[in-house]
Amino acid sequence: MVTMSRREWAGSVLAGTLAAVSPKPQTYAVVGAGVFGAWTAYHLLAAGHKVILLDEYGPASSRASSGGETRIIRCAYGPDEVYTRMAHRSLSLWSNFCEQTGLDLLHRVGVLWIATPNNEYAQQSREMLRKVGVQFEDISASELARRYPQIQSESGAVAIYEPESGALMARRAVQAVVEQFVKHGGVYRHAAVKAPHGKGKLRSVLTNQRESIAADAFVFACGPWLGKVFPDLLGNRIFPTRQEVLFFGIPPGDRRFEPPQLPVWIDFGDNRGMYGFPDIETRGFKLAFDHHGPAFDPDSESRLVTPDKIKEAREYVAERFPALADAPIVDSRVCQYENTSNGDFVIDRHPEFENVWFAGGGSGHGFKHGPAVGEYTAARVTGRADPAVEPRFSLASKGTEQHRSVY
Ligand SMILES: Cc1cc2nc3c(=O)[nH]c(=O)nc-3n(C[C@H](O)[C@H](O)[C@H](O)COP(=O)(O)OP(=O)(O)OC[C@H]3O[C@@H](n4cnc5c(N)ncnc54)[C@H](O)[C@@H]3O)c2cc1C
């Protein structure tokens with residue numbers, strides 16, 4: 001771990017960005033300490049501002065979308081240059097963060113995209129990875145079978161392998177960002193913030209503890225709660241859906257399911273929509289479904305997995321990972337995606353308040369982008385020009401019906 005003064009720390013966070021310590025420090029309140037809010041607060045603090053971060057359940061709690069063990073970080077996004085570049089940028093920011101703190105939060109175990117040879121999305125990904133300069137390897141069908149005999153891919157399947165990508169330790173990573181934020185002078189409060197009403201300039205918000213929090217500007221990074229906080233504006237633009245995750249126990253002494261024998265994998269074949277993790281930190285083999293589940297309330301709904309999903313998961317594992325066909329389920333999680341109509345993030349200013357912003361709509365792929373989202377949001381809020389405004393993140397670009405996105 002590197003020990004630094006606040007000034008040195010800010011310099012190291014800002015190094016490599018076009019941002020500098022602001023000559024006119026302002027006060028900002030960030031509501032929501034998930035991955036988007038934590039990184040936004042972190043970047044605002046590094047730019048020299050006074051920042052308070054608040055969360056009603058605590059950073060990356062069991063109800064938050066950023067909770068749980070692990071999240072994939074990968075750069076392949078088909079032909080999408082915006083997210084390919086953001087993921088690549090975030091990979092380097094996560095890596096710097098781990099170096100500075102000495103924490104093992106990024107496991108570069110590699111990400112394997114398994115697809116049919118003529119899969120268009122995979123072909124577009126190869127072209128974009130080349131353009132952006134992301135390292136990857138093309139793996140032939142015979143090489144795939146040789147390297148990963150524990151995977152029964154579809155006949156003829158090939159793969160793209162990203163060796164620098166892998167898994168982020170989700171809950172621990174967000175909590176570490178908040179700890180560093182506090183260590184370097186940020187203020188964190190465990191409190192629920194009431195929705196603001198009115199228009200024009202917002203002077204303060206009120207917490208459930210009746211504390212009034214005044215700030216020059218406010219960022220609401222409330223994830224799946226954004227629609228509850230701003231029902232008129234976002235109630236029909238953020239769609240939380242139930243997502244289930246299962247961990248299968250590894251047979252005793254079997255090392256085929258731990259890295260580097262098995263990387264993070266995404267099945268882009270007939271069973272597209274399934275993905276999983278090797279046995280990281282001995283939690284077991286993690287399997288998840290990327291199909292959007294039913295609508296979900298993040299405050300009140302049960303987080304027990306359903307028998308239907310267990311059955312579906314078992315069938316899939318028996319087909320693709322036959323050595324785990326009879327493995328016991330050793331853990332499970334129910335989380336929620338907070339989808340926008342098209343899967344693009346929503347990071348914009350509130351149309352009625354000149355100093356209120358929101359950042360959310362991670363749509364099942366937001367975690368990896370936390371550092372770049374924080375950088376982008378901090379730039380918008382402080383009026384910086386870089387990184388440039390991305391029209392796809394605007395509220396205006398979002399519809400009121402949820403479609404399947406390809407992220
Ligand atoms: C099962 C699952 C798997 C996923 N897999 C991946 C993956 O592999 N890779 C990837 O990149 N992404 C993945 N994602 C998506 C990613 O995790 C989310 O997009 C991201 O975590 C969203 O972060 P957030 O900060 O917007 O929301 P959250 O983490 O939900 O944070 C919002 C916070 O706001 C707080 N809050 C809300 N209202 C208030 C209030 N009024 N006052 C105070 N606090 C409030 C909440 O308590 C919460 O902590 C996955 C998501 C799920 C559920």
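The values are calculated or read from the model by the stated rules, or taken from the named source; none is laboratory data. Bear in mind that the values here come from a model prediction, so they are computed numbers and not experimental data. Reconstructed Cβ throughout: ideal geometry from the backbone, glycine too, with neighbour counts over all protein chains shown. SASA here: full protein model, heavy atoms, side chains in, ligands and nucleic acids out. Shrake-Rupley method; radii C 1.70, N 1.55, O 1.52, S 1.80 Å.
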| field | Set V82, V21: member being open to solvent by 10 Å² or more (accessible area, probe 1.4 Å), under 30 Å from I280 (Cα atoms) and among the β-branched types (V, I, T) | value | V82
| Given the range 149-206, what strands (runs of 3 or more DSSP E) lie entirely inside it while holding 2 or more residues that are open to solvent by 10 Å² or more (accessible area, probe 1.4 Å) and in contact (Cβ under 8 Å) with a residue 40 or more places away in the chain? | 158-162, 187-190
| task | Output yes when any residue across the range 325-335 is open to solvent by 10 Å² or more (accessible area, probe 1.4 Å), in the same structural domain as E56 (by TED's automatic domain parsing), of a type in the set (D, E) and outside any loop (DSSP other than H, G, I, E, B), and no when none is. | result | no
| query | Of the residues F353, F345, which is over 24 Å from the mean Cα position of the chain (by Cα) and either over 16 Å from F247 (Cα atoms) or in contact (Cβ under 8 Å) with a residue 40 or more places away in the chain (or both)? | reply | F353
| message | Just to be sure before I move on: is G253 at pLDDT 95 or above, more than 24 Å from D344 (Cβ to Cβ) and part of a loop (DSSP other than H, G, I, E, B) in the structure I sent? | response | yes
| query | Looking only at residues in the range 227-256 that are more than 30 Å from R283 (Cβ to Cβ), of a type in the set (A, V, I, L, M, F, W, C) and open to solvent by 20 Å² or more (accessible area, probe 1.4 Å), which one is nearest to the chain's Cα centre (by Cα)? | reply | V229
| query | If you go through the range 256-293, how many residues are among the charged types (D, E, K, R) and in a strand (DSSP E or B)? | reply | 2
| request: Working only within the range 22-65, note down all residues that are of a type in the set (S, T, N, Q) and either in contact with a strand residue (DSSP E or B) (Cβ under 9 Å, 6 or more places away or on another chain) or within 15 Å of the ligand (Cβ to nearest atom) (or both). | output: Q26, T27, T40, S61, S62, S65
| note | With criteria (1) away from the ligand (no atom under 15 Å from the Cβ); (2) part of a loop (DSSP other than H, G, I, E, B); (3) touching a residue at least 40 places away in the same chain (Cβ under 8 Å), G364 comes up short on (1)
| message | Looking at G293 and the list (1) within 21 Å of the chain's Cα centre (by Cα); (2) modelled with pLDDT of 95 or more, which single condition is not satisfied? | response | (2)
